[in-house]
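**Student:** Pasting a structure here, questions to come.
The values are calculated or read from the model by the stated rules, or taken from the named source; none is laboratory data. This one's a predicted model, so the numbers in the text were calculated from it and none came from an experiment. Here the Cβ is made from the backbone with ideal geometry for all residues, glycine too, and neighbour counts use every protein chain on show. Calculation scope for accessible area: heavy atoms of the full protein, side chains included, ligands and nucleic acids excluded. Shrake-Rupley method; radii C 1.70, N 1.55, O 1.52, S 1.80 Å.
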Amino acid sequence: MTGYLIVSAVLLTCGVVCMASKRNAVGVLMGVELVLNAASVNFVAAAEFGPPAVPVQVATADAIGVGLDGQIAALFVIVLAAAEAAVALAIVLAFFNQHGTADVDAASELRG
Amino acid sequence: MLAAPPAADLALPVEPAEAVESVTLAGWLSDGVGLDGFWALAVAAAVHAFVLLNLFGVLPAVFIWVERKWSARLQDRLGPTRVGGRFGWLQALADGLKLIQKEDLVPDAADGLLFRASLYVPAISVLMAFTLLPFNDRWVAVASDCGLFLILAVLSLEVVGVVLGGYTSGSKWSLLGGMREAAQMVSYEIPLALTALVPVIAAGSLSLREIGVFQAGWMFPNWLVFANPFCAAAFLCYFTVAIAECKRAPFDLAEAESELVAGYFTEYASFRWSMFMLAEYASMFVVSLIATLLFLGGWWTGIAPLDAALTGLNDWRPDVGVEGFGVGGYLANVLFAGVVCLKASLLVTVQVWVRWSLPRLRIDQVMATCLKYLTPIACVLLLGATLWPLGLLATLGRPTVFGSTFSASPSPLGGAIVEQDSALPNGDGEAGEALR
Amino acid sequence: MSVPALLIAATFLPLVGALAGLTARWWRPRKDDRAAGFVASACILGSFGLALTAALRWDGPEPIAGSWYEIFSLAGVTLELGHHIDSLTLTMFCLVSLVASCVCVFALGYLSDELTHEHRDHSFEEELVRPGRFHLFFGYLCLFVTAMLLLVIGGNLFHVFVGWELVGACSYLLIGFYYERPIAGAAATKAFVVNRIGDAGFLIGLAALLAANGDVRFVSLFEAAGAGELSRTALLIGGFGVLAGCVGKSAQFPLQVWLPDAMAGPTPVSALVHSATMVAGGVYLIGRMTPALPGEVLLTVAYLGCATALIGAAPALFQTDLKGILAYSSISQLGYMMLALGVTGWGAGLFHLVTHAFFKSLMFLCAGSVIVACHHAQDVTKLGGLMRKMPVTAGAMLVGVIAISGLAIPGVTLFGEALSFSGFHSKDAILSHALAFTEANPAHAILFWVPLVTAGLTALYMVRLWGLTFAGTPGSATKGAHESPAVMLAPILILAGLAAFCAIGGDGGPLYGFLTRTAPEVGTFALFESPTEAAVDEAHHHAEMMGLIAAGLGAAAGLALFGPWRRAPGHARAEGLKDAAVVRWLRSGWGFDAVYRALAVRPTLLAGEVAALTDRSALDGAVHGTATLARRVARFERSVDERLVDGVVRGVGRLARGFGRLFGATQSGGLRQYVAALAACAVGLAVLAVVLLAG
Amino acid sequence: MTGADALFGVFAALACGGALGVAAFRSVARMAFSLVVCLSAVAGLFFLLNAPMVGATQLIVYVGGTVVLLIFGVMLTDAGVGRRMKIGLLETISMTFIAIGLAAALGWTAVGLGRAIPGAPVLDEEGVEIVAATPDTLRPIGLKFLGLGGESGVGFLLPFEIISVHLLVVLIGAAYLARAKRRVDATPETPPEATRETASDGLGEQA
């Protein structure tokens, strides 16, 4: 469990760094994907290692597990990530069409 | 479960507790030789991977030779005639040698790292697909219950390598080819998956092994291509899409030599070029093998007594040499694997035939074919295949696959399927009833 | 149809004619025909027919009261429209519709010069050319008839008031028919204003009675008054209020000044509105209200009537205007009627109303005939000798003169009656009531002698009128005069017949009988003693003789002065009286106009000017001062606003902008900075958590 | 050292390496390749975690779909293969500190959480771990979706449908957003302001 969590942590850190340091909008998107994947890894690891899902009515505070729910959550994450990527890419393309670049630093028209 | 021994895959024991009649290499290494469990598995995996790689590394060579000869015949010429004897049967090997000898070029404009790395992606993804394909009832590397899904997933990786390779080549031809490839393959994955789901609905399983077992008995009507009209249409549709998925003519726009020199691999040469070729031919075989397993009865010959006889070999001379190793069973496995490979090879031949017969489409025609025709058709087929059993049940009173459609058919394994269907994994009787 | 239904139909039938006349401009834009006149005549004739039918079908002395529409009923106060039908109502209906029919038919001929699209008005120095208003006249006339019938049918004071005001409005329209003439416009305005003075009293009286009784239906008013339920104050205010209205409407002293001027309207209007019907409205209302009137009011009525009779008769002696003589004569005769009502001669007063309506409208129509024949010349000094040129008119006029003078040939009987015309009977009745009254109350002897003298004056000025117009040598304006066409003569003849014979039998005849079928009981009053019927009968003989003598003397004087044997031209005959101051004074109607101008009009104008001056100087000054003050305050406030408030606001704004700039710097818009800040915050939180957990 | 551990080591190394590559590479193409490696390795981790369904989905949707889409985006928006967008030194240094802090915080949490949830690999009685086997999770997941299989009896059909509809809407929206702006393309000679106005007009029309 620890190993998976550490992998997840590394993924998340790299994703955040990627988001914060890439000027290319697509690079930022990739960072987002990494962060989402870190979450997926955590979900699936919890599904595997965490206590099994039990009916809520018999669950005690420490017995509430995830079981296959974790995998399903991961599936949802993946699907939503796909949707997010599609929209984000469409925005990037629209942005590129307007500004001629995919540099997110150019997208600062809403600055204070 | 089955009368035959359950899935005893080559590398990893799926259900070790039940594998009493047959012995696996890992088991033999562990029990007989005395290796540690992990190392036994690792050695067994390495041996099988080597065998697999070589086997399916050779197959493309054969297909390349076949294609050359076949296309020559179609064009009213002879094709290779000299290398290796009368039919030039070593021509592919000679080609490979020649390619290896050539200079390994990396264009200046290319991103060297990616240029070198991306070509492995298609090859690896296609070879990974082989680990998921069952060659007979028991010969399957990874007997996953979502095998078909996994194969499609693995195959979809191929596009990444192609696109990256084309993009990083630093060449306009390659870039255009890569973009075409990306568009084409991402689009064609949809009808591919949809048409592949049609026999899955008919058989009620995503596991390729179960689908194969399901088609035992006489060719008609037990092969899924004959199961219902939608399956038949789906087969044709699937085969068309599969050709496009392999970037084969008439859908080979990504490498259209008349427009893009060689498309995404314009800048590749020598051995790296051959890796792409290898991936292409291997993927041709993979999609054909999938078609065989899904539609054309898998490893079954389609003649019920013959299949019964071959299955009967399982009981022949057990425990020869190694305890738990059945010579008859092994022989049956080899024969069944031969049957399925033969069928797939025939389909590959058909692909070659198509390539040299039909003119190439334009890229917009390719996309239109996919998005305007094949995808809606696939959707309709999927819907029809879903409704067909219900329609049968409503009109003829015939039970559906959810209630063992083929239990009355003269299949030697029919009863077993019924048994298996009723034994849902979670054993929840109520849920099973509901599902039915 | 029941009697009320007939009368309601008769009331509103002329509306059709009114509509036809008022809209003729649109539905007959170019036709120079008399369509609207015909429609109006037909409607009014139909109205007369309905009224006559109703009168014939009406049985019994019981009045028929009914309600049409309740306007509101609040806290015991009810206002409604309704009818009250008795013999008086029916008589008035027949009278109004009949006279109106005659006038209407007469007007068809009289107004024929209005038919053209280019009517030339000769009363200006430069000829005024305007489109003819033939149809419009009939529209107004029908409207007036409707209003008058509405007044007459009214079952309560409020209903009467509605009709009253409508009549006034129609009168305004009709007097001002030639509104291009300044004199006509002024006369219309004068009539309207003077009438409003009376109407103000009417409104007060109406309000008082409404407040006291909660209901102004005649039936309930009479009941309450008879039962003594109404307070004396309410009765007095109500009675004097109503009387004020009647004084205005009936041109009694002191509000008689409008009537002579009202002759500026077309002559048929004068015949119908300002002699026969509308001005009789006041008499009618007093008659209608008699059961509810206290003695003080009745006595006032009597004295007012007495004064009016004399005041009207004297100027008539010296008038040179044909219609002016008739107008003053009308005032005088109305005074007679009022006098009769005041001296409890209810039947006599209203009897005279009917007879007067006939002979006065007859005389006006004759005058109209003369006016048409003489090209709108009205000055009697320029007329004369028309007897031969217009024999029918002259004869009819003679009938009217004899009737109004109350002349008769005693001893000669025809059909068992003294040979006399209608005026003799009605005036005789009035005089006998007055004599009986003065005999019963010697203090009020003047109430008999003044009318007696007036009777003589009446005969005198009437004979003078006839003599100046028809006898003698032809005047300057009579050239080319000829008899009027049949459409004008027919109504004249009808009215002549009626003026002569409508009162056959006197107070024993059918008309008087019918009229007094619902006559109110003569009450007992504290202020004076009511004469009994026997006393009246006894006084009859004396009064008849004295009246005849007075009239005979007057007529003889008239004949002597202005008889047919006087061959001198009219203007020469009037010469002697021309320049006398007293004559001028009397001719101008006792100088009432001058007095009023001095007492009412000038002060009002002066008050207006004073008010205007006050407004300009004081009020405007105050307003300007306020405005200046406000402007100075505003200037001061502006400086405060600009320096203090704006300073604070700008300071706040600058402060906000400063903070905005400060924090705006963090809003770099840079996606990456945000992410980095997010991550840094996460790290900071983690560190915080570690520190806290460790601690 | 078990086979699962060994495979985990391989996959974890690949995943972390890929992630680091994504973060470190300047070239978008290399980043994309690193991302492919990383995501594929994560898919492998999913297989190790007895979640072949999730792994397969990760491969087919993420690697085969989303990443290809991203690369497509790179191709459409990047001027050239080698073009790099540089960031400031200060930013790099501050980002490094933040990254180290974040990694430390997350690692600390991960270790603490891993201790709290010990979850060891499940072995059978013979000591052979069944982790590497491919268990049948397809049917349980399917039944769970329908709310039939699990003990909790709570299905995921509603979220599934919501996500489906959401996906459809998103894709339509994306297609609309990314559609070709023909007016802009057709008038290259117009000055930039005019072009921008035209584009904003287009946006206005959308609104």
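**Student:** Chains A and C: how much accessible area gets covered up at their contact, both sides added, probe 1.4 Å, in Å² to the nearest hundred?
**Tutor:** About 900 Å² of accessible surface is lost on pairing.
**Student:** Check C:Leu128: other-chain or 5+ apart residues with amide H under 5 Å from its amide H, H built from backbone geometry?
**Tutor:** C:Asp121
**Student:** Mind listing the long-range amide H neighbours of C:Asp379? Cut-off is under 5 Å, sequence gap 5 or more, other chains count too, H placed in the peptide plane at 1.01 Å from N.
**Tutor:** Residues meeting the amide H criterion: C:Leu322.
**Student:** What ranking, highest mean first, results for peptides C:593-603, B:199-209, B:223-233, C:626-636 when packing means the other Cβ atoms within 10 Å averaged over each residue?
**Tutor:** B:199-209, B:223-233, C:593-603, C:626-636
**Student:** From the alpha carbon gyration tensor of the stretch B:220-277, can you work out the equivalent ellipsoid semi-axes (sqrt of 5 times each eigenvalue) and give them in Å, largest to smallest?
**Tutor:** 35, 13, 5
**Student:** Moving on to the next point. If you count, for every residue in D:89-101, the Cβ atoms of partner chains within 10 Å of its Cβ, what is the mean?
**Tutor:** 5
**Student:** What is the packing order of peptides C:487-500, C:540-553, taking the mean over residues of other C-beta atoms within 10 Å and listing the highest first?
**Tutor:** Final packing ranking: C:487-500, C:540-553.
**Student:** Shifting gears a bit: Which value, in Å³ per residue, describes the convex hull spanned by the Cα atoms of the stretch C:311-571?
**Tutor:** Spelled out: Cα convex hull of the stretch C:311-571, divided by residues, is 115 Å³.
**Student:** Express the relative contact order of the stretch C:177-291 as a whole percentage, based on alpha carbon pairs under 8 Å and six or more residues apart in sequence.
**Tutor:** Averaging sequence separation for qualifying contacts and normalising by length gives 33 percent for the stretch C:177-291.
**Student:** Where Rh is the Kirkwood radius over the Cα pairs of chain C, the temperature 37 °C and the viscosity 0.692 mPa s, what D in µm²/s does Stokes-Einstein return?
**Tutor:** D, rounded to a whole number, is 117 µm²/s.
**Student:** Would you pull out the residues with amide H under 5 Å of C:Asn156's amide H, same chain only if 5 or more places away, H placed 1.01 Å from N?
**Tutor:** Correct list: C:Gly82, C:Phe218.
**Student:** Would you mind calculating the relative contact order of chain C from Cα pairs under 8 angstrom and at least 6 residues apart, reporting the percent as a whole number?
**Tutor:** So the answer I get is 12 percent.
**Student:** Related question: Just to confirm my numbers, what's the Cα centroid distance between the stretch B:141-179 and the stretch B:279-293 in Å?
**Tutor:** Using only Cα atoms to place each centre, the spacing works out to 15 Å.
**Student:** If you take each beta carbon of peptide D:163-172 and count the beta carbons of other chains within 10 angstrom, what is the mean?
**Tutor:** 3
**Student:** Right, next: Taking every alpha carbon pair in the protein assembly as shown, what does the distance histogram look like in 10 angstrom bins from 0, in percent?
**Tutor:** 1, 7, 12, 13, 9, 5, 2, 2, 3, 5, 7, 9, 9, 8, 5, 2, 1, 0, 0
**Student:** What percent of all Cα-Cα pairs in the stretch C:596-664 falls in each 10 Å bin, counting up from 0?
**Tutor:** Over the stretch C:596-664, the share of Cα pairs per 10 Å bin runs 18, 18, 16, 14, 12, 10, 7, 4, 2 percent.
**Student:** Still on this model: Give the relative contact order (percent, whole number) for the stretch D:27-79; include only Cα pairs under 8 Å separated by 6+ residues.
**Tutor:** Over the stretch D:27-79, the number comes to 41 percent.
**Student:** How far is helix C:87-110 tilted, in degrees, relative to the longest principal axis of the Cα atoms in chain C, given as a value from 0 to 90 rounded to the nearest 10?
**Tutor:** 90 degrees
**Student:** If I fit a long axis through the Cα atoms of helix C:486-501 and take the longest principal axis of the Cα atoms of chain C, what angle between them do I get, 0 to 90°, rounded to 10?
**Tutor:** Tilt relative to chain C: about 70 degrees.
**Student:** To the nearest hundred square angstrom, how large is the accessible surface buried between A and D, total for both chains, probe 1.4 angstrom?
**Tutor:** For chain A against chain D, roughly 6400 Å² becomes buried.
**Student:** Taking a threshold of 25 Å on the Cα-Cα distance, which of the pairs C:Lys323/C:Lys479; C:Lys249/C:Lys360; C:Lys190/C:Lys382; B:Lys69/B:Lys172; B:Lys247/B:Lys343 fall above it?
**Tutor:** C:Lys190/C:Lys382; B:Lys69/B:Lys172
**Student:** What FRET efficiency comes out for B:Ala309 versus D:Phe160 if R0 is 41 angstrom and r is the Cβ-Cβ distance? Round to the nearest 0.05.
**Tutor:** Between B:Ala309 and D:Phe160 the formula returns 0.30.
**Student:** From the C-alpha gyration tensor of the stretch C:1-74, pull out the three semi-axes of the equivalent ellipsoid (sqrt of 5λ each), sorted largest to smallest, in whole Å.
**Tutor:** One finds semi-axes of 32, 18, 6 Å for the stretch C:1-74.
**Student:** Another question about this same structure. Please give the peptides C:71-82, C:290-301, C:126-137 ranked by average Cβ packing (other Cβ atoms within 10 Å per residue), highest first, as a rough proxy for protection.
**Tutor:** Top to bottom by mean Cβ count within 10 Å: C:290-301, C:126-137, C:71-82.
**Student:** Would you calculate a helix-derived [θ] at 222 nm for chain C, using -39,500 (n - 2.57) for each DSSP H run of n ≥ 4 and dividing by the full residue count, to the nearest 500?
**Tutor:** Here the helix-only value at 222 nm equals -22500 deg cm²/dmol.
**Student:** Each residue of the stretch C:672-687 in turn: what ³J(HN,Hα) in whole Hz from Karplus with 6.51, -1.76, 1.60 and θ = phi - 60°, glycine and Pro shown as x?
**Tutor:** For the stretch C:672-687, the Karplus-derived couplings read 5, 4, 4, 4, 4, 5, 4, 4, 4, 5, 4, 4, x, 4, 4, 4 Hz, x marking Gly and Pro.
**Student:** Mind checking the log10 I(q)/I(0) for the stretch C:261-382 at q = 0.09, 0.16 Å⁻¹? Debye, one equal scatterer per Cα, no solvent, two decimals.
**Tutor:** Treating every Cα as an identical point scatterer, log10 I(q)/I(0) equals -0.26, -0.72.
**Student:** Averaged across the residues of B:180-190, what count of C-beta atoms belonging to other chains lies within 10 Å of each residue's C-beta?
**Tutor:** Mean shielding by partner chains, rounded to a whole number: 2.
**Student:** Residues with beta-carbon under 13 Å from that of C:Gly554, excluding C:Gly554: net charge, scoring Lys, Arg +1 and Asp, Glu -1?
**Tutor:** For residues surrounding C:Gly554, the net value is +2.
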